[in-house]
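Inspection log for the structure reproduced underneath, given as structure tokens.
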Amino acid sequence: MASSLRLLICGLTSIALIFQIIPVISIPVVHSIYLSHYNGRAFGVFGWCSTSTNVCAARRIGYVTSCENGSDTVDLNDFECAELESPGEFLPSRAKRDISKLLIVHPISLFFTFLLWLLMVAINSRRLGQSRKILTCTVLWSLPAVFLSLLSFLVDILLFVPFLAWPGWLLLVSTVLMGVASFMMCGVRRSVSLQKYEKLRNGEHIDLFPLQFEKARSEDLQGSRRRSEESSTPVQTLLERPELVHRSV
Amino acid sequence: MVKKTSWRYDQTPENYTSCLGLALGDGIILWTQNDRSVGYYHDVQFQSYCDDKAPVYSALRRTNESFPYLDLIEEDWKVFTEGGNDHGPFKYSIYAILLSFTANFVIALSLTVIVFITIRQKPYRGASNLLKLGSSLASVNLTIFVVKALKVLRDDHATKGIVSTDAVLNLLWNDLTFMSLDFLVVLICELCQVQIIMRLFSRVREKRIVFLVGVVLSIVSQVLWAIPTFTQAISENHQDLFYDASGLTLLSPFVYLLRIALSASYASIICFHIFTKRQLCLQNQRMALLTVITILMVLLQPGFFVADVANIWVDDLSEIFNTTCYVGSAVIVWEWVDHLLILERKVQAQSVLGRPVYEDDQQDYYFAKYALKMQDAISRDSGKAGTSSSLGAQDAEIPNQVAPPRDTNKVEFNESQPLKDVILEKVSKVVDGMTYYTDHFIVKRLVIKTLSLHSKGSSDDYRQRKATVRRRIGLDRPNEVYVYATKDVVFDSDEELYNSQENLGNQDSNS
């Protein structure tokens, strides 16, 4: 049960990681993926491209804000420079172009999610999976990871609503998946902590299994019947055998 | 006028002829002063009073005998109210803004009354006091603001004959008193939210993590919020100061998003707990209603973000709404958690297993510490009855009773410690200190009686409670020794079991 739960957590984190990779490799890295398409421009995390001429701005965090800096506009023609110089709205949400620097949270979030995914993979192994420190670290690391994922989604909303494309919405799904995985990790940490404590206290490994009074009683009855046939020793009931510990899940 | 959202482009305003100036031509007769006769004027220019190149309401009283407005002015007003660019429609008008202010003011005031009437003082004395302080400050802040806004409107009415929306909004964004109090209110409410989340978790270690992470995030978000907000307000009030607006353009939306992310996280934690404890939440009608209100309150703030993105009107008034949202999401949720925990305790009290005890409690010897402190406090108090002067010193000594004794046989030399050890020692001291203060909040509910034993006077109520505690833990009869005889307990079910087995044995032997 525990291993399947961990596999589920690992699977959720893997999907979340893939969903975070897609926006990061958006235009100009992969031309078919973009965060928003507005006014003849397609926007990605590392730049934007003109859909009419298919020419992209230089790859960098934050969109080019003016044509004065020559190094920023090496790939732009005069028409696009003039378009940039115009005081009109560049982004769909009327946010200033400087705000596009906030897209830096995308790669940072991806880094955090990737490390979280590595930790999730690691805790699937028998040795690391029983380490309370590793599990606590994973739970703690998941907090900023979820937080940054949410932040990157909010940045996309702020910049591109109402023209946010599907890669932007994937971040919301990614955030939810990571949140669910984090909650599950808390549960795993609790159960491992409890098992360790029980093991330390009792000096033996405890397997959790449901209460089966009826079965135990019938087995006990059958056993006692056999014993009564074989010898004349008194019959032992469940209450006289306190070493039998039944624990519920 | 200063725009609050400096990170958004202003929409291009319309050019209103009445604001630019109307050439009325000649043939105008004007009577300007009482002591002068009526004058005949050539080439008269008329310009309406405008705010930021947009028309404003006239505060003058109109009757049937009044002169009609000029056609150009009426056309301008029509364009202004029907176009969406310049906050012209009715929802942006002063009436909607005043309604928002007063509604938020009334809600904050009601929440403050609720806090003082319904929130229990115990067992979270510090947190409930913090909540009372926060809600009271919010009420005071909104009261001051409403009074100031009305004063500004009165001045405009009296001196200019207009009703200006921008004057009220400027007050909201640039008033240092409002901002300072708002800063404190939001910080206090965020700390209360941290306390609420701590209450939802049962394990000590999780409480510690929630406390440390929550407090750090609250302080960081508030400090980051204060930097652009106060800089802008101070530069507006003191024009001679240098203000680098471009440097803070990026920080302002980041803090805005940070706050939204924090409130979304808070809402998701509360909603998750509602889901996991849905049976308790829907146990009775009152609790179900409270749960619905709680969900609405915690989702209100992320909801405002969506509304803000879709509608600039909310953004203009976001600070007012923020204050109410924060106070509401602290007060209502606190009340909900109170009810939920009471119901939970009731269920636990009625069940066979009782309250769950976690391994964290055992590992850190919380119960042992609690018992020691209780015993120590009562024995000292009974030994020195009536001497209340040295109670403070006793209180300070309690942790030493619990702490392990020092190694007195250790010989120490004046050797300089390695840098690594010094750093480790310092770090561990900081961590221990933080853990101590965290535990002070956490363990408080356990040791609150112990602590209050020293601080209270010798009232009857106090004596009664002390006697109850002594009786509970058996310190009222310390010299009586009980010897318990061990005896086998025979249950009916076992007898039946024996009888059935004997019958079976007899049947087998007969056969």
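Throughout, read-outs are computed from the coordinates displayed, never taken from laboratory work. Keep in mind that what you see is a predicted model, and the values were worked out from it rather than measured. Cβ atoms come from the backbone with ideal geometry, glycine included; neighbour counts cover every protein chain shown.
Sequentially through region B:45-51, phi angles give Karplus couplings (6.51, -1.76, 1.60; θ = phi - 60°) of 10, 10, 10, 6, 6, 10, 10 Hz, Gly and Pro residues having no value and appearing as x.
Expected output is a single nm value to one decimal: the length gained when fully extending between A:Trp169 and A:Ile18, i.e. 0.36 nm times separation in residues minus the C-alpha distance. What is it? It would help to have the intermediate numbers written out before the result.
Numbers: separation 151, 0.36 × 151 = 54.36 nm, distance 1.31 nm.
Length difference between fully extended and current span is 53.0 nm.
Summarising the label geometry, the points placed 7 Å from Cα in the beta-carbon direction at B:Ser58 and B:Val38 lie 2.0 nm from one another.
Within 10 Å of each Cβ in peptide A:155-161, how many partner chain Cβ atoms are there on average? Round it to a whole number, please.
Values: counts 3, 0, 5, 10, 1, 0, 3.
Per residue, the number of nearby Cβ atoms from other chains is 3 on average.
Measuring spread by the Cα atoms of region B:121-225 yields a radius of gyration and Dmax of 18.8, 63 Å. Sorted from greatest to least, the principal axis extents spanned by the alpha carbons of region B:42-112 come out as 62, 31, 19 Å.
Counted residue by residue at 0.36 nm each, then reduced by the alpha carbon distance between them, the extension gain from B:Arg355 to B:Phe67 reaches 95.7 nm. How high is the FRET efficiency from B:Ala288 to A:Ile104, r the C-beta distance, R0 35 Å, rounded to 0.05? Here the calculated transfer efficiency is 0.20.
Okay, which of region A:102-127 sit inside 20 Å, backbone N to the point 7 Å along the Cα-Cβ direction of A:Glu198? Within reach of a label on A:Glu198, which here means backbone N under 20 Å from a point 7 Å along Cα→Cβ, region A:102-127 contributes A:126-127. Counting other Cβ atoms within 10 Å as a rough exposure proxy, the listed residues B:Cys192, B:Cys50, A:Cys56, B:Cys271 run B:Cys271, B:Cys50, A:Cys56, B:Cys192 from fewest neighbours to most. For the pair B:Gln45 and B:Leu133, label points projected 7 Å from Cα toward Cβ lie 5.8 nm apart. Each Cα pair under 8 Å and six or more residues apart adds its sequence gap; the mean of these over the residue count of region B:17-82 is a relative contact order of 34 percent.
Could you tell me the calculated FRET efficiency between A:Val29 and A:Leu115, based on Cβ-Cβ distance and R0 = 25 angstrom, to the nearest 0.05? Could the numbers behind the result be given before it?
Values: r = 22 Å, r/R0 = 0.86.
Efficiency, rounded to the nearest 0.05: 0.70.
Taking the Kirkwood radius as Rh and the Cα radius of gyration as Rg, region B:17-82 has a ratio of Rg/Rh equal to 1.01.
What FRET efficiency comes out for the pair B:Ala158/B:Val106, r = Cβ-Cβ distance, R0 = 35 Å, nearest 0.05? Efficiency, from the Cβ-Cβ distance: 0.85. Residues of region B:321-355 with an amide N closer than 11 Å to a point placed 7 Å from the Cα of B:Thr276 along the Cα-to-Cβ direction: none. The modelled label-to-label distance for the pair B:Val431/B:Phe230, using points 7 Å beyond Cα in the direction of Cβ, is 3.3 nm. Close amide H contacts of A:Tyr38 (hydrogens built in the peptide plane, cut-off under 5 Å, sequence separation of 5 or more or a different chain): A:Phe43. Convex hull volume of the Cα atoms of region B:90-349, normalised per residue: 140 Å³.
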